[in-house]
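Visitor: The structure follows.
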Amino acid sequence: MAEIPKSRCNDKCLPGYRKASNGRFRVCCYDCVLCSEGEMSNVTDSATCHRCPDDRWPDERKVRCVPKTHDFLSYEKDIVALFSSVTASFFSAITLFILGIFIYYWNTPIVKANNRAVSFILLISILLSFLCVFLFLGRPVDITCRLRQTSFGIFFSTAVSSVLAKTVTVCIAFKATKPGSPWRKWVTLKVSNYVVIVCSSVQSLICGVWLSVSPPYLEYDHHSYKGMIIIQCNEGSVIGFYSMLGYMGVLTSVSFVLAFMVRTLPDSFNEAKYITFSMLVLCSVWIAMIPAYLSTKGKYMVAMEIFAILTSCAGVLGCIFFPKLYILLIKPELNSRKMMLGKDKL
């Protein structure tokens with residue numbers, strides 16, 4: 001029996017395509033149109049394409065939905081994560097080394113100069129800031145999302161508060177040397193300790209309110225990149241996040257301005273020159289980071305913040321403590337009260 005011929009103007013539409021009218025009079029004449037982005041069809045001459053679920057994406061031929069890949073700063077896939085972890089570990093080890101050296105030389109003049117207790121608080125807070133980097137690496141979970149920004153904010157604010165306290169100590173010490181100066185009564189008071197406690201407590205309060213009202217949470221971003229689910233932390237309250245960053249900026253600016261004002265005082269007891277350099281490095285890093293941070297998404301945004309954390313903490317550590325470390329280990333003859341009082345060496 002002869003096959004009855006079919007009326008058609010064109011070939012059948014393959015899977016991955018759909019039929020679309022081409023405006024001709026006969027309904028058997030149509031065009032084959034590739035399925036739109038995020039859609040697929042798995043039958044011949046399909047009239048419509050079907051959208052894939054949010055956690056899936058069409059394959060290259062658009063004939064079936066395949067699971068989307070998960071994207072985050074992974075130790076296995078991203079060299080940035082490995083480099084960041086190694087760098088954070090390296091600087092943490094250096095900070096511990098400096099802390100050990102300072103404990104060993106606890107009663108020497110250079111360690112005592114400009115409040116050794118604040119120096120230890122500064123070293124510990126820098127160490128904890130370096131360790132905060134590990135909260136930004138790997139697959140995010142709810143607890144790391146809640147802790148990473150707030151922990152860094154508190155620890156780094158404590159470090160900057162310690163730098164501010166050192167600057168205040170220098171300022172008070174030199175003002176008190178003038179005869180009849182009213183600043184003499186402030187020398188005996190633990191002003192630097194109060195500066196650290198008050199300034200770091202304000203940041204702790206900001207972070208506490210942030211966590212109580214609208215804390216950060218884990219978020220799956222299905223739409224920013226094709227065929228990819230970005231696993232990231234949503235900061236929750238934008239006001240809380242920028243309040244934390246803004247307060248750190250205020251502390252840094254005050255420390256920089258005050259250190260710059262007293263940088264030319266006699267250098268025997270004066271750390272202000274090194275503090276000025278450290279705050280200049282810190283300000284430069286974060287000012288450059290903010291536009292780059294806001295213009296990126298996903299793991300690249302996290303990588304930018306990690307870079308800013310490592311660079312700023314390393315800048316503070318190097319500018320303030322390496323000159324002292326040089327004297328303690330390379331020029332121990334300068335580590336005496338006589339040399340500090342008589343020469344411009346610290």
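The values are calculated or read from the model by the stated rules, or taken from the named source; none is laboratory data. Quick caveat, the model's predicted, so the values are computed rather than measured. With ideal geometry, Cβ positions are generated from the backbone for all residues, glycine too; neighbour counts draw on all protein chains shown. Heads up: the accessible areas ignore ligands, DNA and RNA and are worked out on the full protein's heavy atoms, side chains in. Shrake-Rupley method; radii C 1.70, N 1.55, O 1.52, S 1.80 Å.
Visitor: It is to be established whether one or more residues within region 211-227 are surrounded by 16 or more Cβ atoms within 10 Å (Cβ to Cβ), touching a Phe, Trp or Tyr at 6+ places or on another chain (Cβ under 6 Å) and assigned to a strand (DSSP E or B).
Guide: No, region 211-227 contains no residue that is surrounded by 16 or more Cβ atoms within 10 Å (Cβ to Cβ), touching a Phe, Trp or Tyr at 6+ places or on another chain (Cβ under 6 Å) and assigned to a strand (DSSP E or B).
Visitor: Still on this model: For a quick check of your reading: which strands (runs of 3 or more DSSP E) sit entirely within region 34-120 and have at least 1 residues that are open to solvent by 60 Å² or more (accessible area, probe 1.4 Å), within 30 Å of LYS19 (Cβ to Cβ) and out of contact with any helix residue (DSSP H, G or I) (no Cβ under 9 Å at 6 or more places or on another chain)?
Guide: Here the list reads 56-58, 65-67.
Visitor: Has region 273-281 got at least one residue that is of a type outside the set (D, E, K, R), open to solvent by 30 Å² or more (accessible area, probe 1.4 Å) and under 16 Å from the mean Cα position of the chain (by Cα)?
Guide: The answer is yes, given that some residue of region 273-281 is of a type outside the set (D, E, K, R), open to solvent by 30 Å² or more (accessible area, probe 1.4 Å) and under 16 Å from the mean Cα position of the chain (by Cα).
Visitor: Out of everything in region 198-210 that is open to solvent by less than 40 Å² (accessible area, probe 1.4 Å) and over 17 Å from the mean Cα position of the chain (by Cα), what residue ends up being nearest to CYS145 (Cα to Cα)?
Guide: Checking each candidate, the answer is TRP210.
Visitor: Still on this structure: If I ask for residues that are touching a helix residue (DSSP H, G or I) at 6+ places or on another chain (Cβ under 7 Å) and either outside any loop (DSSP other than H, G, I, E, B) or buried (at least 19 other Cβ atoms within 10 Å of the Cβ) (or both), which ones from region 237-248 would you list?
Guide: Passing the criteria: GLY240, PHE241, SER243, MET244, TYR247, MET248.
Visitor: Out of all the residues in region 175-197, is one or more over 26 Å from LEU135 (Cβ atoms), of a type outside the set (A, V, I, L, M, F, W, C), crowded, with 18+ Cβ neighbours inside 10 Å and at pLDDT below 85?
Guide: Looking for residues that are over 26 Å from LEU135 (Cβ atoms), of a type outside the set (A, V, I, L, M, F, W, C), crowded, with 18+ Cβ neighbours inside 10 Å and at pLDDT below 85, one finds at least one in region 175-197, hence yes.
Visitor: For region 239-249, check the following and say yes or no: at least one residue is at pLDDT 85 or above and over 16 Å from the mean Cα position of the chain (by Cα).
Guide: There is at least one residue in region 239-249 that is at pLDDT 85 or above and over 16 Å from the mean Cα position of the chain (by Cα).
Visitor: Taking region 147-158, which residues are more than 10 Å from VAL196 (Cβ to Cβ) and either over 15 Å from the mean Cα position of the chain (by Cα) or among the aliphatic types (A, V, I, L, M) (or both)?
Guide: LEU147, ILE154
Visitor: Anything in region 282-317 that is of a type outside the set (A, V, I, L, M) and open to solvent by less than 20 Å² (accessible area, probe 1.4 Å)? List them, or say none.
Guide: Result: GLY298, GLU305, SER312, CYS313, GLY315.
Visitor: Given the residues ASP59, ASP54, which is the only one that is in contact with a strand residue (DSSP E or B) (Cβ under 7 Å, 6 or more places away or on another chain) and over 25 Å from PHE155 (Cβ atoms)?
Guide: None of the others qualify; the one that does is ASP59.
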